[in-house]
Amino acid sequence: MNRRLLFLLPLATLALMAGFFAWSLLAGRDPASIGSVLVGRPAPRLDVKALRDGEPPLTDALLKTGKPTIVNFFASWCTPCLAEHPLFTRLATRDGAVIIGVAWKNKPAEANAWLKRLGDPYKFAGADLEGRTGLDWGLSGVPETYLVDGQGIVRRHFRGPITERDVNETILPFLKGAK
Amino acid sequence: MLEFLLALLTTATVGALLVPLLRTTARRTERLDSALAIYRDQLAEIERTRADGTVSEAEAAAARLEVERRILNAANATKTAAPHDSSTLHRFLPPALALLIPLLALGIYLNVGRPGLPAAPFASRPAGEHPNPNEPITAERMLAEARARLAENPNDPEALAELGEALVLEADGTVTPDAVAALTRALAQRPDNPRAAYYLGLHEAQSGDSKAAVARWQALEAASPPDAPWLSMLRAEIARVARAAGMPVPPSATPSAPTGMPTPSRDQVEAMQSLDPAQRQEAIRGMVDGLDKRLKENPGDRAGWLRLANARRVLGENDKAADAYAKADALGTLDTRTLTDWAEAHVRQLKPGETPSPAAVTVLERLEKAEPRNALALFYLGAAAFAAGDKPGALRRWNTLLALLPADAPIRGLLEERIKAAEGK
């Protein structure tokens, strides 16, 4: 009797797994999204050397100016960064956004050459050569973008390049609404 | 913590391997001892039975001898096996390996894997060669060219557009602020410059204004000649940007062949390949006739007439081809290349020795005017002049043609004969 119950074990395991997969598929969960624990919390420590020569290092104070800030991690070796770059240029020039750019695991000379070629939309630019600040910020790669309000609270975390839709539907309303 | 556990695991494994390895030699002597003990017992047994009298003296001596022989054998077996099994290499290699491999792993780990080692990011490594040395060169060459032209004429719109395009290429397809500046200047002088309009639209699409981009590109599409080479790319871009921005895709941007040569679908092409040559020819003729019919309903389509003329000419229907060329020509003067095709369609209808028709002569004369050294025009206009009694005109053309022909041209003999005939009379 007991032994026969034992034969049911694989079947029960299969049913359990099938149930989990069905739930995963039907619950509308996006398995590609790893979410972000930062949203709604104070931004992690910002402490990086300046990317451009002769500028002071970037500190937390930049995130608590009372004005909303966009923090963008990028690298010259990253192709999606190239695709989203004109959107940041537009946000800086046309919409007057304050954008902090952090070159992540990127040789400063290369990041600067990249910015020189494409135009530099960053009011403050930092160099996170070792990726330590990226670690603090929960970065999974580049590009990633954070919307930080005037009190230094992270309001939105984009993993991957921002798009025209993100600009129109999220970023522009955020810049207008956040204090 | 994990490192500690791994070290513990390795030590346990090495221990489990080493203990039996070191024991083998000991066990071998043990085996000999136990064998000897048995033989000793057997000898004692023989001695006892002999004393009892159950076994005769002679039998006991034979049994003892047998046991002694076995003892010698056993001792020999241990001795002969020992040098083979426990040669120094075999004795020491397994335990040495069991110890060396974990030690080597530990050494490598301490050298390159230990936490707290300084990072070795790309930046501090020596820069390698460029992975793709060809690509920057083309953009650089374009840049140099455009800048050289701008040095001569700083406001040349074509050079400004080229500079913008080169900057875009250099930035891997991103329209940079510098490129936008150059393209805007180009467009200010030549509002119809397609290159400047295209890249400014691309800039709008990239900087989050897809609506403006699509509007600009649709204006460019409308202003482009129907056979402009960039049209298909432009339509694909309009569709791509509109789709990415969630806008309705304009109907013109969906690829289709509104007029002109019917574009066969995949199925049609496959169906055609399964036909035999005669049937295939028939099917192609059917498609061309379909185009002809559509053009009769819509006779203002010049590009359509040109395609039809070309198709007819290729099919060998030279009279119909000539008619189609005439229709296209009426809608807009043909260029020299097409004029040549038209003239060819005319003269191919001629039988050998026949003089060209007046319609053919008109086309040939236009061709001769556009291209005075055109062999086709020279030969047939010479023939027409000869037939009309204009011998000097015929001789002039044929002599010019003779001078142009290569020495081994097959038509030389015929031409020389004709010239002789024109001169002789």
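The values are calculated or read from the model by the stated rules, or taken from the named source; none is laboratory data. Quick caveat, the model's predicted, so the values are computed rather than measured. In this analysis, Cβ positions are derived from the backbone assuming ideal geometry, glycine residues included, and neighbour counts consider all displayed protein chains.
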Within segment A:119-144, residues more than 10 Å from chain B (Cβ to nearest Cβ) and of a type in the set (Asp, Glu) come out as A:ASP128, A:ASP136, A:GLU144
| query | Can you spot a residue in segment A:39-57 that is farther than 30 Å from A:GLY119 by Cα and either in a loop (DSSP other than H, G, I, E, B) or assigned by TED's automatic domain parsing to the domain that holds A:VAL102 (or both)? | reply | yes
Contact list, first residue from segment A:106-118 and more than 10 Å from chain B (Cβ to nearest Cβ) and closer than 13 Å to A:ASP53 by Cα, second anywhere and among the basic types (Lys, Arg) and not in a helix (DSSP H, G or I), beta-carbon distance below 9 Å, six or more apart or interchain, is A:ASN112/A:ARG52
When restricted to B:LEU339, B:LEU367, the only residue within 13 Å of B:ALA322 (Cα to Cα) and of a type outside the set (D, E, K, R) is B:LEU339
*Is there a residue being surrounded by fewer than 22 Cβ atoms within 10 Å (Cβ to Cβ), under 13 Å from the mean Cα position of the chain (by Cα) and touching a residue at least 12 places away in the same chain (Cβ under 8 Å) anywhere in segment A:45-58?*
no
B:ASN111 vs. criteria out of contact with any Phe, Trp or Tyr (no Cβ under 9 Å at 6 or more places or on another chain) and either outside the structural domain of B:ARG240 (by TED's automatic domain parsing) or at pLDDT 90 or above (or both):
yes
When you check A:TRP77 against the structure, is it under 14 Å from the mean Cα position of the chain (by Cα), free of Cβ contacts under 8 Å to residues at least 40 places away in the same chain and more than 18 Å from B:PRO177 (Cα to Cα), yes or no? no
All-but-one check, B:ASP227 against (1) touching a residue at least 40 places away in the same chain (Cβ under 8 Å); (2) acidic (Asp, Glu); (3) surrounded by 16 or more Cβ atoms within 10 Å (Cβ to Cβ), failing number (3)
Per the list (1) touching a helix residue (DSSP H, G or I) at 6+ places or on another chain (Cβ under 6 Å); (2) surrounded by fewer than 21 Cβ atoms within 10 Å (Cβ to Cβ); (3) farther than 21 Å from A:ASP166 by Cβ; (4) aliphatic (A, V, I, L, M), residue check on B:LEU220 breaks on (2)
The residue from B:ALA309, B:ALA384, B:ALA303, B:ALA324 that alone is part of a helix (DSSP H, G or I) and over 42 Å from the mean Cα position of the chain (by Cα) is B:ALA384
Reported set for segment B:328-378 where residues are among the basic types (Lys, Arg) and within 19 Å of B:LEU404 (Cβ to Cβ) is B:ARG337, B:LYS369, B:ARG373
Flagged in segment B:310-322 as surrounded by 20 or more Cβ atoms within 10 Å (Cβ to Cβ) and either farther than 15 Å from B:ALA360 by Cβ or not assigned by TED's automatic domain parsing to the domain that holds B:LYS293 (or both), in numbering order, are B:ALA311, B:ARG312
Taking segment B:204-236 and keeping only residues that are more than 14 Å from chain A (Cβ to nearest Cβ), part of a helix (DSSP H, G or I) and out of contact with any Gly (no Cβ under 8 Å at 6 or more places or on another chain), one is left with B:ALA215, B:GLN218, B:ALA219, B:GLU221, B:ALA222, B:ALA223, B:LEU231, B:SER232, B:MET233, B:LEU234, B:ARG235, B:ALA236
Filtering segment B:175-198 down to residues that are surrounded by fewer than 21 Cβ atoms within 10 Å (Cβ to Cβ) and either within 11 Å of chain A (Cβ to nearest Cβ) or among the β-branched types (Val, Ile, Thr) (or both) yields B:PRO177, B:ASP178, B:ALA181, B:THR184
Determine, yes or no, whether B:GLY201 is surrounded by fewer than 17 Cβ atoms within 10 Å (Cβ to Cβ), within 14 Å of another protein chain (Cβ to nearest Cβ) and touching a helix residue (DSSP H, G or I) at 6+ places or on another chain (Cβ under 9 Å).
-> no
